[in-house]
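Chemist: One structure, pasted below without further comment.
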Amino acid sequence: MATSGLAAEKRDCIRILDVAIDRTTMANTLAKVESYIASGKPHLIVTADAASVVIAHRNPEFKKIVNGADLVTPDGNGIVWASKRQGRPVEQRVSGVDIAEKLCALSAKSGYRIYFLGAAPGVAALAAENLMLKYPGCQIVGSHDGYFSQDTDESVAAEIAAAKPDILLVAMGMPRQEQFIRKTENITGAKVAMGVGGTFDVFSGKTKRAPKLVQKLKLEWFWRVLLNPKKASKVMMLPTFVFAVLKEKQ
Ligand code: UDP
């Protein structure tokens, strides 16, 4: 597996269920993106919440991808809690939707070229339109929906390559999005790729973020389950996560 950055063992990481997560901040994550682009080689960023740790624990192939990523950000209050319990707290939550928006703001200043892949037909294009309006000068150079067969991964990747993106954001859910990124990293030509889950649904206005009060109470996950009962399967993973963290030595 091609990894051009530092291995997880050499980075400042915590480990939950043998999944390495970087003690990174938003500022550090953005600085890393700039260095990855400057390097000219493909890099993978994973945003990890409690459910992704459990998915990785249950799926060895996906765990290999996560532990082989160049950066794994702490995306969720569960991870923040686990890091405190281990006595090595992360400074803040660094979520995929927040990184994606900051990258659009950065693109408006630096000219970085971003490609949006994923979500239902039309959603990524609408998300791109909204972000280009919000950050004038932001270079979203192409978009494609996320509903295609794995047999056509290479041809979708070739379409992406034609747009010459520096950054590829993939919103197809875990683990599909990370698998697509690793499988096609030598075709797309993107120097940084990141799975961003439901981000384009938020950017397009299809999904509303929870009200500020709900976010403050750290109950955004509960809000999402209420709006989309399909997400309940992720909530079912929480007890496994909590049990594993409580069981680990402090
Ligand atoms: N999605 C997709 N292709 C698929 C399955 C899902 O593009 O084959 C999209 C879906 O439309 C949604 C996103 O992937 O926009 C996943 O969102 P979800 O909130 O489930 O991801 P999470 O953040 O929970 O990983």
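The values are calculated or read from the model by the stated rules, or taken from the named source; none is laboratory data. Worth saying up front: this structure is predicted, and the values here are computed from it rather than measured. Neighbour counts are summed over all protein chains in view; Cβ atoms, including those assigned to glycine, are modelled from backbone coordinates with ideal geometry. Just so you know, the surface numbers come from the protein's heavy atoms only, side chains and all, with ligands and any DNA or RNA stripped out. Shrake-Rupley method; radii C 1.70, N 1.55, O 1.52, S 1.80 Å.
Chemist: Could you please give the count of residues in the range 20-56 that are within 16 Å of Pro175 (Cβ to Cβ) and out of contact with any strand residue (DSSP E or B) (no Cβ under 7 Å at 6 or more places or on another chain)?
Modeler: 6
Chemist: Additional query: Out of Ser83, Ser35, report the one residue that is open to solvent by less than 30 Å² (accessible area, probe 1.4 Å) and either charged (D, E, K, R) or out of contact with any helix residue (DSSP H, G or I) (no Cβ under 6 Å at 6 or more places or on another chain) (or both).
Modeler: Working: Ser35 fails: open to solvent by less than 30 Å² (accessible area, probe 1.4 Å).
Going through Ser83, Ser35 in turn, the sole match is Ser83.
Chemist: Let me ask you something else. Of the residues in the range 129-161, how many are buried (at least 18 other Cβ atoms within 10 Å of the Cβ), free of Cβ contacts under 8 Å to residues at least 40 places away in the same chain, under 19 Å from the mean Cα position of the chain (by Cα) and not in a strand (DSSP E or B)?
Modeler: Total satisfying the criteria: 3.
Chemist: A further question on this structure: Say we look at the range 205-221 and pick out the residues that are open to solvent by 100 Å² or more (accessible area, probe 1.4 Å) and assigned to a helix (DSSP H, G or I); which of these is nearest to the ligand (Cβ to nearest atom)? Show your work before the answer.
Modeler: Just the residues of the range 205-221 that are open to solvent by 100 Å² or more (accessible area, probe 1.4 Å), to begin with: 206, 208, 212-213, 216-218, 221.
Still in the running and assigned to a helix (DSSP H, G or I): 212-213, 216, 221.
Values: Lys212: 20, Leu213: 22, Lys216: 21, Trp221: 10 Å.
This residue is Trp221.
Chemist: Please state which of the following conditions Asn67 fails to meet, knowing it meets all the rest: (1) of a type outside the set (Val, Ile, Thr); (2) open to solvent by less than 40 Å² (accessible area, probe 1.4 Å); (3) touching a strand residue (DSSP E or B) at 6+ places or on another chain (Cβ under 8 Å).
Modeler: (2)
Chemist: Of the residues that sit in the range 235-250 and are within 17 Å of Ala50 (Cα to Cα) and at pLDDT below 85, which one is nearest to the ligand (Cβ to nearest atom)?
Modeler: Val235
Chemist: I'd like to know if the range 226-243 contains one or more residues that are assigned to a loop (DSSP other than H, G, I, E, B) and buried (at least 17 other Cβ atoms within 10 Å of the Cβ). Step through it out loud before you land on a result.
Modeler: From the range 226-243, those assigned to a loop (DSSP other than H, G, I, E, B) are 228, 236-237; that's our starting set.
Among the residues that remain, those that are also buried (at least 17 other Cβ atoms within 10 Å of the Cβ) are: 237.
Yes, the range 226-243 contains a residue that is assigned to a loop (DSSP other than H, G, I, E, B) and buried (at least 17 other Cβ atoms within 10 Å of the Cβ).
Chemist: As an exercise: evaluate Ile45 against (1) buried (at least 20 other Cβ atoms within 10 Å of the Cβ); (2) in contact with a helix residue (DSSP H, G or I) (Cβ under 7 Å, 6 or more places away or on another chain) and give the number of the one condition it does not meet.
Modeler: All conditions pass for Ile45, except number (2).
Chemist: Restricting to the range 167-195, and then to whatever is among the aliphatic types (A, V, I, L, M) and closer than 15 Å to Tyr147 by Cβ, can you tell me which residue is farthest from the ligand (Cβ to nearest atom)?
Modeler: Val170
Chemist: Something else now. Among (1) farther than 30 Å from Ala232 by Cβ; (2) open to solvent by 10 Å² or more (accessible area, probe 1.4 Å); (3) among the β-branched types (Val, Ile, Thr), which single condition is Val202 missing?
Modeler: (1)
Chemist: Now for a separate question. Write out, first by first residue and then by second, each pair whose Cβ atoms fall under 8 Å of each other, whose residues are 6+ apart or on separate chains, and whose first residue, in the range 205-219, is over 25 Å from Leu133 (Cα atoms) while the second is assigned to a loop (DSSP other than H, G, I, E, B).
Modeler: Short answer, once both residue conditions are applied: Gln215/Arg209; Leu219/Ala210.
Chemist: Among (1) more than 15 Å from the ligand (Cβ to nearest atom); (2) touching a helix residue (DSSP H, G or I) at 6+ places or on another chain (Cβ under 9 Å), there is one condition Gly198 misses while meeting the rest; what is its number?
Modeler: (1)
Chemist: Here is a further query. Which one is farthest from the ligand (Cβ to nearest atom), of the residues in the range 109-128 that are part of a loop (DSSP other than H, G, I, E, B) and closer than 23 Å to Thr207 by Cβ?
Modeler: Filtering the range 109-128 down to residues part of a loop (DSSP other than H, G, I, E, B) leaves 111-112, 119-122.
This time we only want the ones that are closer than 23 Å to Thr207 by Cβ, so: 119-122.
Working: Ala119: 4, Ala120: 5, Pro121: 9, Gly122: 11 Å.
Out of the qualifying residues, it is Gly122.
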